[in-house]
Amino acid sequence: MPTIQVTLSPEELVQIVDQMPADELADFTARVLAVQARRTVAALAATEDKTLRALYAAQLPPEQQARLRSLGQKLEVEDALSANEQQELQALSEQAEQLNAERMKKVTELAALWGKPLPAVMHQLGLWRGYGE
């Protein structure tokens with residue numbers, strides 16, 4: 001059987017659907033909802049993947065994390081840093097704070113996508129540090 005391609009506007013399609021018998025309309029509606037569900041799942045999966053990648057990318061590189069930790073420990077033990085070390089600590093701390101804010105934004109987006117409370121998502125991702133416990 002040859003295939004004929006026809007382009008219809010949404011209004012024309014609705015007019016055709018309006019003329020369908022009830023049983024055909026129910027079947028058609030179920031099929032349209034299945035298409036919508038597949039697209040929604042695909043879109044959510046893509047959004048979820050993008051958000052997770054951004055979440056894990058928003059962190060200091062390991063060498064900068066180690067340096068930040070080292071400077072913090074030195075300040076705690078010696079109660080003093082050189083002027084250069086103070087500037088470096090300040091810059092790394094600000095950078096880490098900005099990245100943490102970005103990570104929290106992404107975790108919040110995931111919580112909305114997954115329909116879960118923020119603490120539950122943080123636990124699931126291993127980001128919960130026992131705050132308030």
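The values are calculated or read from the model by the stated rules, or taken from the named source; none is laboratory data. From a predicted model like this one, the values you see are computed outputs, not experimental measurements. Neighbour counts are summed over all protein chains in view; Cβ atoms, including those assigned to glycine, are modelled from backbone coordinates with ideal geometry.
For region 76-93, name all the residues that are of a type in the set (Gly, Ala, Ser) and more than 18 Å from Glu63 (Cβ to Cβ). Full working, then the answer.
The first filter runs over region 76-93 and keeps only residues of a type in the set (Gly, Ala, Ser), leaving 80, 82-83, 91, 93.
Passing the criteria: Ala80, Ser82, Ala83.
I'm trying to understand the selection: among the residues of region 1-24, which are out of contact with any Phe, Trp or Tyr (no Cβ under 7 Å at 6 or more places or on another chain) and of a type in the set (Val, Ile, Thr)? Even if it seems obvious, please write down each step before you answer.
Start the filter on region 1-24 by keeping residues that are out of contact with any Phe, Trp or Tyr (no Cβ under 7 Å at 6 or more places or on another chain), which leaves 1-16, 18-19, 21-24.
Listed by number, the residues that qualify are Thr3, Ile4, Val6, Thr7, Val14, Ile16.
Just to be sure I understand the filter: pairs with C-beta atoms under 7 Å, separated by 6 or more residues or on different chains, first member in region 38-57 and farther than 15 Å from Gly115 by Cβ, second member assigned to a helix (DSSP H, G or I). Which pairs pass?
Close Cβ pairs (under 7 Å, with a partner that is assigned to a helix (DSSP H, G or I)) amount to Ala54/Lys106; Leu55/Arg103; Leu55/Lys106; Leu55/Val107.
Can you pull out the residues in region 74-133 that are part of a helix (DSSP H, G or I) and of a type in the set (Asp, Glu)?
To start, the set of residues in region 74-133 that are part of a helix (DSSP H, G or I) comprises 74-78, 83-114, 118-124.
Answer for region 74-133, where residues must be part of a helix (DSSP H, G or I) and of a type in the set (Asp, Glu): Glu76, Glu78, Glu85, Glu88, Glu94, Glu97, Glu102, Glu109.
Determine if region 14-21 includes at least one residue that is over 30 Å from Glu94 (Cα atoms), modelled with pLDDT of 90 or more, of a type outside the set (A, V, I, L, M, F, W, C) and part of a helix (DSSP H, G or I).
yes
Can you find even one residue in region 53-61 that is over 23 Å from the mean Cα position of the chain (by Cα) and loosely packed, with under 10 Cβ neighbours inside 10 Å? Break it down into steps so the answer makes sense when it comes.
Our first condition is that a residue be over 23 Å from the mean Cα position of the chain (by Cα); within region 53-61, this holds for none.
The answer is no; no qualifying residue exists.
For region 75-100, which positions are of a type in the set (A, V, I, L, M, F, W, C) and in contact with a Leu (Cβ under 9 Å, 6 or more places away or on another chain)?
In the first step, residues of region 75-100 are kept if they are of a type in the set (A, V, I, L, M, F, W, C); the result is 75, 77, 80-81, 83, 89, 91-92, 96, 99.
Leu75, Leu81, Leu89, Leu92, Ala96, Leu99 - these are the residues of region 75-100 that are of a type in the set (A, V, I, L, M, F, W, C) and in contact with a Leu (Cβ under 9 Å, 6 or more places away or on another chain).
Restricting attention to region 94-133, which residues are closer than 21 Å to Pro61 by Cβ, among the aliphatic types (A, V, I, L, M) and surrounded by 13 or more Cβ atoms within 10 Å (Cβ to Cβ)?
The answer is Ala96, Leu99, Met104, Val107, Leu125, Leu127.
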